[in-house]
Structures are given as structure tokens and as C-alpha cells.
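Shown next, in C-alpha cells, is the structure this report addresses.
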Amino acid sequence: MRNLFKKTVFYAVITAILYLVLFIFFDKPVDLWVHNTFSNTWLPHAGTYISSLATGSCIELGIALCFILIIIVDSGLKRRRTRFLLYICICGAIAIIIGDGLKYLLGRYRPIMLFEHNLYGLHFFSSEWALNSTPSGHTIRAFALLTALSMLYRRYTVVFISIAAVIGVSRVAVTAHYPSDVVFGAFIGIFTALWTYKHFFGTYKEFNN
């Protein structure tokens with residue numbers, strides 16, 4: 001527990017610093033460049049298809065159906081695969097709650113507000129969900145679920161994390177988010193999966209084991 005706590009604090013500080021640097025110096029020029037250069041090319045279309053892998057409504061429906069399946073098939077959690085599935089579902093649910101809470105709290109304008117109204121920055125406690133940008137919900141869901149799978153099936157860690165990273169990048173490619181939103185979302189997703197694993201299974205696996 002202490003080791004995971006130290007790692008969480010360390011990477012939280014790194015993420016905060018990186019977020020601030022991106023927020024101040026890079027987010028606006030990167031998204032403006034992507035918007036001005038690629039808006040009428042294949043990139044937004046490809047990014048949209050990739051992003052659809054972590055669409056909120058689909059993930060939430062999937063989690064709900066899996067909870068129902070667990071109750072019907074193995075409510076006593078006697079099978080190892082059932083426990084694995086429950087862990088993944090709980091991890092995804094927690095990550096979604098954290099992400100939505102932070103989006104409401106921070107209320108950062110999405111890039112479209114920059115393009116159309118020259119609005120950039122935070123407007124706290126905003127219930128305008130469609131216009132709230134940080135952290136990236138797609139990135140949170142992707143990293144939470146795929147990091148959870150990585151904890152269960154270690155040999156495929158590189159594949160799972162690579163898919164999550166591609167989904168995160170796709171959110172910038174479609175100019176739905178800034179790079180810092182994706183970095184923030186990745187941190188939340190990864191450490192939600194690690195802490196949930198720790199409390200669910202009573203242990204913590206290092207990624208380098």
C-alpha cells in the first residue's frame with residue numbers, strides 16, 4: 001500500500017506539472033494547428049472511429065450488462081473469471097465517476113469553444129457537460145479498463161496500453177480535447193485501475209515484475 005501511495009503521489013506531481021506546461025504553452029497551438037491543418041482530411045474520420053472504442057454510453061451499458069450477468073451467472077463470485085470481470089466493471093465505474101466529477105468541478109472549455117468563440121481556460125462548476133473538456137472521458141475509460149486488463153493478463157500489457165494511448169491521441173486528432181486533457185485522463189485511468197486492483201485482490205503488482 002505504501003509503495004503504491006508513493007507512486008501515486010509521484011506521478012500525480014509529474015502529471016500536474018505536465019498539465020500546467022501543456023495548458024500554458026502547448027494546448028492552444030497544438031489544437032489550432034490540428035484544426036487548421038487536418039480538419040478536411042482523413043484524420044478526423046479515423047480519429048472518430050478510434051474514439052468510438054471508448055464511447056461513454058457504450059462503455060456504461062457494457063458495465064451495466066456485465067453487472068447483471070455476474071448476478072445471474074455467479075453471484076457468489078466462485079469463479080475466477082467472474083471476479084476478474086467484477087474487478088474490471090468496478091474499475092470502470094469508479095473511473096467514470098471520478099472523471100465526471102472533475103469535469104463538473106473544473107469546467108474547462110472544449111477546443112470548439114476556442115475555434116468558434118475564442119474561449120480558453122476553466123469556468124468552474126459547469127453543468128454544461130458537452131462543453132467540458134478536462135479530463136478526457138474517453139481516455140479515462142480506455143486507460144482504466146485496459147490497465148485493469150493489463151493487471152490480469154500481464155503478457156498483453158504493451159498491447160492494452162498501446163490501444164489506450166491511441167484512443168487518447170485520437171481525442172486530440174478530432175480536436176475534442178487538448179493534449180493536457182488526455183494526459184490527465186490517462187493518469188486517472190491508470191491509477192484507478194491500480195488502486196482498485198489493490199483493494200479488490202488485497203495486493204499490488206508492479207508493472208515491472
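Computed from the coordinates by the stated procedures, all read-outs in this text should not be read as laboratory data. The shown structure was predicted, so the numbers you read here are calculated from the model rather than taken from an experiment. Every residue, glycine as well, gets a Cβ built from its backbone with ideal geometry; the counts of neighbours run over all protein chains shown.
Side notes on the structure shown:
- Prolate/oblate/rounded call for the stretch 92-189, Cα gyration tensor, a/c under 1.5 rounded: oblate
- Between the listed residues Ile161, Leu131, Leu77, the Cα displaced farthest toward the positive end of the dipole of the chain, a dipole computed from Cβ unit charges relative to the Cα centre, is found at Leu77.
- Global size of the stretch 159-204 as Cα Rg and Dmax, reported in angstrom: 12.9, 40
- Look at the dipole of the stretch 1-156 built from charges on Cβ: of Pro44, Ser150, Ala12, the Cα furthest out on the positive end belongs to Ser150.
- Note on Lys7: aspartates and glutamates with a C-alpha under 12 Å away, same-chain residues under 8 apart excluded, are Glu206.
- D_trans [Stokes-Einstein, Kirkwood Rh over alpha-carbon pairs] for the chain, 10 °C, 1.306 mPa s, µm² s⁻¹: 89 µm²/s
- Where Rh is the Kirkwood radius over Cα pairs, Rg/Rh for the stretch 1-94: 1.15
- Working note: Karplus 6.51/-1.76/1.60 with θ = phi - 60° gives the stretch 142-151 the couplings 4, 6, 5, 6, 6, 5, 4, 4, 5, 5 Hz, where Gly and Pro are set to x.
- Packing-based exposure ordering (other Cβ within 10 Å, fewest first) of Phe23, Phe124: Phe124, Phe23
- The shape of the stretch 1-50 comes out oblate: with a ≥ b ≥ c from the C-alpha gyration tensor, a/c is at least 1.5 while a/b does not beat b/c.
- Tilt relative to the chain, helix 179-201 - C-alpha long axis, 0 to 90 degrees, to 10: 10 degrees
- Sum of -39500 (n - 2.57) over DSSP H runs of 4+, divided by residues of the chain (222 nm, nearest 500): -24000 deg cm²/dmol
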